[in-house]
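Just below is one structure, and these are the notes that go with it.
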Amino acid sequence: MDQKQLDTIISQITEQIISRLNEKESNLKALKKAQLYILTDKNETKISQEIKTNNVSFLRDQYDLKIINFTSENYQATFPKNLNEEDKVLLTSFPFYDVAKAALGIIDDTVTFWISKTFFLGRKVLLLKDGKRPISNKNKKYSELFLSYMKTLNEFGLQEIYWKDLNRNLQYEIKTTVLTLADIEKLPSNKTVSLNSATILTELAREKIAEKNLKIIYK
């Protein structure tokens, strides 16, 4: 066997080893769970009860749950070094004083710190729809102030969802003849959307679909 043949064999073996290592790394990444950071004023037992009550036990299969309490003293240390694309930040409730501070860019507690850091990373903060705490409607002007702060935060990247919307395998079915930007904005990111084969997509809807990493299937 000459040197050229030996080099060829060594090269082929090296390529096979690299290919298997890459495949193994890819499989490990696929098996790794996403992180679900739950910012809450409840303890872990109450969160577990809420998960059971809402029939969303799939969360424990799809995510590593991290409970971050509002009262954390060293709240800056609770934020992860890396917030990956599949990781989620979820608020179970949102006191008015934090709504106001977050909208104005004030950072002085766990909630406002996490919201600020997450927004700066270009990521969304999720809020349970039954976790918003509106103020009394007896003072119309004050209620309007609350709503204006919420609107500002929605523009920054606050998205209101239900527990079930965290299901990474959830498929949404939309029955419409024309799919618009407004339809897509209502959907959470990284989901599968089922459409009728005759559905027309507007150009803005297509752009939003790509931005939210939605998978479209036709039936």
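The values are calculated or read from the model by the stated rules, or taken from the named source; none is laboratory data. Just so you know, these numbers come straight off a predicted model, no measurement behind them. Counting neighbours? That spans all protein chains shown, and the Cβs are built from the backbone with ideal geometry, glycine included. We work out accessible area using only protein heavy atoms, side chains counted, and drop any ligands, DNA or RNA first. Shrake-Rupley method; radii C 1.70, N 1.55, O 1.52, S 1.80 Å.
With respect to the stated conditions, residue 210 fails to be over 22 Å from residue 85 (Cα atoms), out of contact with any His (no Cβ under 6 Å at 6 or more places or on another chain), exposed (fewer than 15 other Cβ atoms within 10 Å of the Cβ) and not charged (D, E, K, R). Answer yes or no as to whether residue 213 is assigned to a loop (DSSP other than H, G, I, E, B) and in contact (Cβ under 8 Å) with a residue 40 or more places away in the chain. So residue 213 fails the test. Per the listing 72, 143, 148, the residue uniquely more than 25 Å from residue 164 (Cβ to Cβ) and open to solvent by less than 30 Å² (accessible area, probe 1.4 Å) is 143.
Each row is one residue, and each column tells you yes or no for (1) open to solvent by less than 10 Å² (accessible area, probe 1.4 Å); (2) closer than 21 Å to residue 38 by Cα.
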residue	(1), (2)
122	no, yes
128	yes, yes
169	no, yes
173	no, no
202	no, no
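Quick one: is residue 165 part of a helix (DSSP H, G or I) and more than 21 Å from residue 83 (Cβ to Cβ)? When the stated conditions are applied, residue 165 does not pass them.
Close contacts from region 69-95, counting a first residue that is free of Cβ contacts under 8 Å to residues at least 40 places away in the same chain and a second that is of a type in the set (Val, Ile, Thr) and in a strand (DSSP E or B), with Cβ to Cβ under 6 Å and a gap of 6+ residues or different chains, come to 78/68.
Inspect all residues belonging to region 9-25 and state whether any of them is open to solvent by less than 70 Å² (accessible area, probe 1.4 Å) and modelled with pLDDT of 90 or more. Checked region 9-25: no residue is open to solvent by less than 70 Å² (accessible area, probe 1.4 Å) and modelled with pLDDT of 90 or more. Do you know which residues across region 42-69 are surrounded by 13 or more Cβ atoms within 10 Å (Cβ to Cβ) and in a loop (DSSP other than H, G, I, E, B)? Across region 42-69, the qualifying residues are 42, 54, 56.
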